[in-house]
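Reviewing the structure listed below.
The values are calculated or read from the model by the stated rules, or taken from the named source; none is laboratory data. Since this is a predicted model, take the numbers as computed values, not measurements. Neighbour counts run over all protein chains shown; Cβ positions are idealised from the backbone, glycine included. What goes into the accessible areas is simple: the full protein's heavy atoms, side chains included, and nothing from ligands, DNA or RNA. Shrake-Rupley method; radii C 1.70, N 1.55, O 1.52, S 1.80 Å.
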Amino acid sequence: MTDIITIVGARPQFVKAAVVSKALKEAGISEQIIHTGQHYDARMSAVFFDELGLPAPSVNLAAGSGLHGKQTADMLEKLEAHLIALSSPPSFMMVYGDTNSTLAGALAAAKLHIPVIHIEAGLRSFNRKMPEEINRVVTDHLSTLLFCSSDGGLKQLASEGITEGVHVSGDVMYDAVRTFSEAYSGDFRKQLALEEAFTLPDRFLLFTLHRPSNTDSDEALKNITGALSETDLPVIWPVHPRVRSRLDAITLPKNLRCISPVSYLMMLQLLKACEGVLTDSGGLQKEAYWLQKPCITLREETEWTETLHGGWNVLTGPDPARIRAALSQKPGSEWKTLYGNGRAAESIATIISDCLNV
Ligand code: UD1
């Protein structure tokens, strides 16, 4: 019998699973990985498995893209069929974060009475217009073991009546940053020059955007990209596939350079080399903080409120005036470690091991 079936599907989940899978293996816990197929482009999926040493998935459900109902339903239907066909169910189903893959994994398992482990539990933006917020709330309430990145998650879960099986493990993305930030072999500048036919400037800002609220409206997209012309620095933008097709209708500022999505190891190199970050991603806010780069978050709220400490992260929404103002701000000198000690995966594996042996 397999101890754990892990569900992954979207880019950040491959990164988180890479460090946790290794820790599970070291603790003697058996694991099978199922890929929902939510992210399917080679640059959004295969490259992460290749370079992070994440074991190949035993199954790919090939759910692909679509409206939320269709995408989630497709994953749910295929996952349920797969779980029912197993000769014996796993002891746990493990899910990460807040994507549609997370929700489908948690729902399929809970209905089949397989206990769910949620990594990155207790996070809230308190904005129910975000699909991720709905996925988080439902997943937490279906989970048996919940691992939080900080005390904030624990308190939030308690306020919703979830007090059993909750642990503050620290954040597995911090483990990943510590494990992989020196792992790039070769010259990343040369590699980029080769792939993208351009020379990365010495000083630049790093920019990403993929939230529907920012990318599905031409106005938000124009406001945000337009505000970037205010900086003297070049801005490098690895463009998410969901955004690529929307750019034809927009005139981009001259200092904005679009490139293809980059691998995790390349992203860490870009993060370390940049002067600062502009993003609406959750993970990148934390990575910028850990690598001590100032971050402008192009959202009205953040789940990662601790990163606002000392002005390292500033919220601007899609508002050009606030983005311009933030571009001229500098963070304070105060910086403290956040979200654990970089050994979250190990502590998660220890707790799961204890539960398996009861
Ligand atoms: C998803 C997650 C988001 C997470 C992000 C990480 C949900 C609701 N959202 O958003 O929380 O931060 O992943 O990147 O689960 N596409 C491709 N190739 C791919 C994948 C996507 O072309 O490999 C395009 C498709 O046009 C698709 C669109 O991107 O319709 C959106 O992809 P989807 O997986 O639905 O959501 P993300 O925006 O990636």
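Could you check the spin-label model distance between Cys355 and Lys155? Points 7 Å from the Cα along Cα→Cβ, value in nm. Here the modelled spin labels are 2.5 nm apart.
Computed over neighbours whose Cβ is under 11 Å from that of Leu291, the net charge equals +3, Lys and Arg +1, Asp and Glu -1.
Straight-line cross-link partners of Lys16 among the lysines, defined as a Cα under 17 Å from its Cα and at least 8 positions apart when in the same chain: Lys25, Lys286.
Taking other residues whose beta carbon is less than 15 angstrom from the beta carbon of Ser260, and scoring Lys, Arg as +1 and Asp, Glu as -1, yields +2. Checking every one of the chymotrypsin sites (Phe, Trp or Tyr not before Pro) in the range 286-358 against DSSP loop status and a limit of 14 other Cβ atoms within 10 Å picks out Trp335.
GNM on the chain, alpha-carbon springs under 10 angstrom: the most fluctuating residue among Ile162, Ile84, Ile34 is Ile84. Springs between Cα atoms under 10 Å define the GNM used for the chain, and in it the highest mean-square fluctuation of Leu67, Leu268, Leu107 occurs at Leu67.
In debye, nearest 20, what is the charge dipole magnitude of the chain about its Cα centre with +1 on Lys and Arg Cβ and -1 on Asp and Glu Cβ, if you could check?
Computed charge dipole of the chain: roughly 580 debye.
Placing unit charges on the Cβ atoms of the charged side chains and taking the dipole of the range 188-327 about its Cα centre, the candidate lying farthest along the positive direction among Ala288, Phe207, Leu271 is Leu271.
Gyration tensor analysis over the Cα atoms of the range 152-287 returns equivalent ellipsoid semi-axes of 31, 22, 12 Å (largest first, whole Å). Looking at the chain alone, DSSP beta bridges between its own residues are antiparallel in about 0 percent of cases.
Taking the Cα centre of the range 188-327 as origin and charging only Cβ (+1 Lys, Arg; -1 Asp, Glu), how large is the dipole, in debye to the nearest 20?
Here the range 188-327 has a charge dipole of around 380 debye.
I'd like to check one number: the per residue accessible area of the range 84-241, probe 1.4 Å, reported in Å² as a whole number.
I get 42 Å² per residue for this part.
On the range 188-327, 49 percent of the accessible area sits on carbon and sulfur atoms, based on a 1.4 Å probe. Extent along the principal axes, Cα only, for the chain: 59, 40, 39 Å, with the longest axis given first.
Might you report the magnitude of the Cβ-based charge dipole of the range 225-265 about its Cα centre, with Lys and Arg at +1 and Asp and Glu at -1, to the nearest 20 debye?
Working: 5 positive and 3 negative charges, 41 e Å.
Computed charge dipole of the range 225-265: roughly 200 debye.
Under a Gaussian network description of the chain, with springs only between Cα atoms under 10 Å, the residue in Gln156, Gln269, Gln191 that fluctuates furthest is Gln191.
Dipole of the chain computed with +1 at Lys/Arg Cβ and -1 at Asp/Glu Cβ about the Cα centre; of Ile162, Ile224, Thr144, farthest Cα towards the positive end is Ile224. Note on Lys222: aspartates and glutamates with a C-alpha under 16 Å away, same-chain residues under 8 apart excluded, are Glu230, Asp248, Asp280, Asp319. Listed by chain and number, the lysines whose C-alpha is less than 21 Å from the C-alpha of Lys111, apart from same-chain residues fewer than 8 away, are Lys70, Lys78. When all protein chains stay in place and ligands, DNA and RNA are ignored, the 1.4 Å accessible-area order of Val243, Val59, largest first, is Val59, Val243. Rounded to the nearest Å, what's the spacing between the alpha carbon centres of the range 66-103 and the range 33-59? Just the number, please. After rounding, the separation between the Cα centres reads 16 Å.
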